[in-house]
Amino acid sequence: MHDYVLSLLLGIVEGVTEFLPVSSTAHLRICEALLKIDLHDGFWKMYSIVIQLGAILAVPLFFRDRIAKFLSTFPRGERGDRTALTHPLTLTLIAFVVTAIPAFLLKKKIGENLESIFVMACALLIGGIVMWLVDGLCKNPRIQHMEEMKMPHAIWIGACQILSAVFPGTSRSMSTIAAGELAGMSRASALEFSFFLSIPTMIVATGFDLLKTVMPHHHNAASIAPVTVNHHGWIVIGIGFIVSFLVAFAVIAWFMQWVRKHGFAPFAIYRILLGIALFVFFLR
């Protein structure tokens, strides 16, 4: 398959799955197997990180008005009932720190799990069942807007996001949305906080991965330092970056509208079926 077409396909997969609760990591691994490419190869490792950055960029651009409003009303908030510790921006950073410290300490275990199809299959299947149950049981949310959140909610959601870091296939989006619903948040408010939390979480995580990839490490087989990407390679990377950004932006817009009218059950069913399919693949 031509590299440009391959980049287009991978960019679409990344853009579609990054913010849906279905695990972009699992889908990229599936593509790796089906398309017979090695995403651990130095170039493709950097490529996969760059297209993830493209998807991340779609979040602050889509929520630019909300972010500007939060910044302009800090620390009192739009309703004047917030403090520097309870403002939505602060709560986002608190949730990020709660996730980041354990994830950094467990980075060796995370690396091992990223190689395991079995772990991904379990995470997809269990996560799908959990999401289906939570979405079906949490019918009377107390928190309708992100601005109504409190610090315990942020800490709880940040703690649950650790699962998605340690067990690839769980999905960062699934873990934060389900945690929010269990904390009494509406689907829309839990999803919006999930998007806001993705900004620092994914920028730091992908930035760290990119740094490891392009910096020389004697024991890092994935390192491509010094970077020697030719003209063809930069075009391949550029296609993936642009496609993942555009697709992710469209998915965010669609998903926000979908959640206000429907539940997460279709995504839960999809996760369960995909998990079963991976189990069959693993056993074979």
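Considering only residues of the range 133-146 that are assigned to a helix (DSSP H, G or I) and touching a Gly at 6+ places or on another chain (Cβ under 9 Å), which is farthest from Ala188 (Cα to Cα)?
Applying the filter and picking the extreme gives Gly136.
Let me confirm something: among Thr90, Thr99, Thr83, which residue is of a type in the set (S, T, N, Q), out of contact with any Leu (no Cβ under 6 Å at 6 or more places or on another chain) and not in a helix (DSSP H, G or I)?
Values: Thr90 fails: not in a helix (DSSP H, G or I); Thr99 fails: not in a helix (DSSP H, G or I).
Checking each option against the conditions leaves just Thr83.
Tally the residues that are of a type in the set (Asp, Glu) and surrounded by fewer than 24 Cβ atoms within 10 Å (Cβ to Cβ), restricting the search to the range 5-47.
If we filter the range 5-47 for residues that are of a type in the set (Asp, Glu), which is where we start, we get 14, 18, 32, 38, 41.
Next cut, surrounded by fewer than 24 Cβ atoms within 10 Å (Cβ to Cβ) only: 32, 38, 41.
Number of matching residues: 3.
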ask   = Among (1) under 17 Å from the mean Cα position of the chain (by Cα); (2) in contact (Cβ under 8 Å) with a residue 24 or more places away in the chain; (3) surrounded by fewer than 20 Cβ atoms within 10 Å (Cβ to Cβ), where does Val247 come up short?
value = (3)
remark   = Pairs returned, first residue in the range 24-48 that is more than 22 Å from Met202 (Cβ to Cβ), second residue that is acidic (Asp, Glu), beta-carbon separation under 8 angstrom, 6 or more apart or interchain, are Asp38/Glu32
query = Is there a residue being touching a helix residue (DSSP H, G or I) at 6+ places or on another chain (Cβ under 7 Å), closer than 30 Å to Leu39 by Cβ, in contact (Cβ under 8 Å) with a residue 40 or more places away in the chain and of a type in the set (A, V, I, L, M, F, W, C) anywhere in the range 68-86?
reply = no
ask   = Within the range 56-70, can one find any residue that is more than 29 Å from Phe264 (Cβ to Cβ), aromatic (Phe, Trp, Tyr) and more than 19 Å from the chain's Cα centre (by Cα)?
value = no
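No value in this document is a laboratory result; all are computed from the given coordinates. The shown structure was predicted, so the numbers you read here are calculated from the model rather than taken from an experiment. Note that we place each Cβ from the backbone using ideal geometry, even for glycine, and neighbour counts take in every protein chain shown.
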